[in-house]
Amino acid sequence: MVAAEPRIETHEYARPEGIPLTLDLYRPEISFGELPLVIFVHGGGWKNGDKTVVQKKATWLTEHGFAVAGIDFRQTDEAGWPSQINDCYAAVRWLRENGQKLGLATERIAAAGTSSGGHLVALMGTRAYPENESTSSRVQAVLDWFGPADLLTMPPNNVGNGRSAEDVANSNGAKLLRATVREVPELAKDASALYQVSGDDAAFLIMHGDADEGVPFDQSQRLHAALIAAGAESELIIFPGAGHGGKAFETKEARGNVVAFLNQHLR
C-alpha cells in the first residue's frame with residue numbers, strides 16, 4: 001500500500017528588508033486534532049538550496065502524524081550573519097502565532113536540518129533568544145543531521161592542508177560572516193552552537209557519519225559532549241562509514257530513532 005501524499009500549503013512568514021520569505025507546510029492527508037510540528041531548515045552552505053529540499057528529507061514524517069514546515073531564509077548572497085538565524089526565529093514565531101488556525105500544536109516545536117541547516121537548528125536549540133519578543137521563538141527539540149557546530153575549527157575556514165588564505169576568504173563560512181573566522185572570532189562563536197550551550201537547551205538528537213568529509217565527525221562529538229556536560233539532553237547516533245548524508249540516514253532503523261525522539265518530546 002502506497003502512503004498518501006501529504007497536503008501542502010505555502011505561506012509568507014516574514015518580509016525582512018522587503019525580501020519575502022515563505023514556508024511550505026505539509027500535513028498528513030488525514031489527521032485528527034492539532035498536529036505536532038517539525039520545522040525543517042535546508043542545507044546548502046547557507047548559499048544554495050531552498051525549502052523544497054524538505055520533500056526528500058522530512059515529509060515522510062507526515063506518515064507518522066507530524067506536520068512539517070520547510071522554510072526559506074535569507075542566504076549569503078542576500079545577507080550576512082545573523083540574518084539567517086533571525087529568519088529561523090521569525091518562522092517559529094509566525095507558526096506559533098498562526099498555529100491554532102492551521103491546526104498545529106505549537107506549545108512544543110522541533111527543528112530539524114541537514115548540514116548548514118543542521119548548523120542553524122542547533123543554534124535554534126542553544127543560542128539566546130531575542131529579548132522582549134511577544135511570541136516565543138524557542139524550540140523544544142532539535143534534530144541535527146551532520147551540522148557544523150564550531151565555525152572556528154571547520155577546515156574550510158582555516159589555512160592549511162592545501163588551503164590558502166585566498167581559499168579561506170572565499171569559503172562558505174567567510175561568506176556567512178562577511179569575514180574570515182580569524183578576523184571575527186566572537187562573531188564566529190555567536191554563529192556556533194558549541195559556544196552557546198547551557199543546561200536549559202532543547203533536547204538534541206544528533207546524527208553523523210564517522211567518514212564525513214564535508215563536516216568532520218568531531219563537530220558533532222564535541223557538541224554532544226558539551227550538551228551533556230551542561231546538563232542538557234542529547235543523544236548522538238554514529239553511522240560507521242557514512243559520509244555527508246546518504247542512505248544510512250534513511251534506513252528504517254534511522255527513521256525509527258527520529259520518530260521515537262519526536263514522539264517523546266512533542267506528544
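Readers should treat all values here as calculations from the given coordinates under stated rules, not as data from a laboratory. From a predicted model like this one, the values you see are computed outputs, not experimental measurements. In this analysis, Cβ positions are derived from the backbone assuming ideal geometry, glycine residues included, and neighbour counts consider all displayed protein chains.
For this structure, a couple of remarks:
- Dividing the summed -39500 (n - 2.57) terms of all DSSP H runs of n ≥ 4 by the residue count of the chain sets its mean residue ellipticity at 222 nm at -8000 deg cm²/dmol.
- Cβ-defined net charge surrounding Q75, 11 Å radius [Lys, Arg +1; Asp, Glu -1]: -2
- Against the chain, whose longest principal axis is taken from its Cα atoms, helix 252-266 shows a tilt of about 70°.
- Karplus-derived 3J(HN,Hα), 6.51/-1.76/1.60, for each residue of segment 154-171, Hz, glycine and proline x: 5, x, x, 8, 9, 5, x, 6, x, 9, 8, 4, 5, 4, 5, 5, 9, 6
- For the residue pairs K189/K247; K47/K189; K57/K101, the C-alpha atoms sit more than 23 angstrom apart in K189/K247; K57/K101.
- Take 242-249, 143-150 and order them by the average number of nearby Cβ atoms within 10 Å per residue, most first; the result is 143-150, 242-249.
- Each peptide in 112-118, 86-92 gets a packing score, the mean of other Cβ atoms within 10 Å over its residues, and the list from highest to lowest is 112-118, 86-92.
- Burial ranking of peptide ranges 202-211, 254-263 (average Cβ count within 10 Å, highest at the top): 202-211, 254-263
- The calculated pair-distance distribution of the chain uses every alpha carbon pair, bins of 5 angstrom beginning at 0, and gives 1, 6, 13, 18, 20, 18, 12, 7, 3, 1, 0, 0 percent.
- In order through segment 118-135: 3J(HN,Hα) via Karplus (6.51 cos²θ - 1.76 cosθ + 1.60), integer Hz, x for Gly, Pro: x, 4, 6, 5, 4, 6, 4, x, 10, 5, 4, 7, x, 6, 6, 7, 6, 10
- Residues whose amide H falls under 5 Å from that of A112, counting only those 5 or more places apart or on a different chain, are I39, F40, V41, L143, with hydrogens built in the peptide plane.
- Distance between the 7 Å Cα→Cβ label points at E183 and N48: 2.4 nm.
- Proximity of backbone amide H atoms, modeled 1.01 Å from N, is registered between T22 and Y13, D72 at under 5 Å, excluding neighbours fewer than 5 places apart on the same chain.
- Placing pseudo-labels 7 Å out from each Cα toward the beta carbon at E131 and K101 gives an inter-label distance of 3.2 nm.
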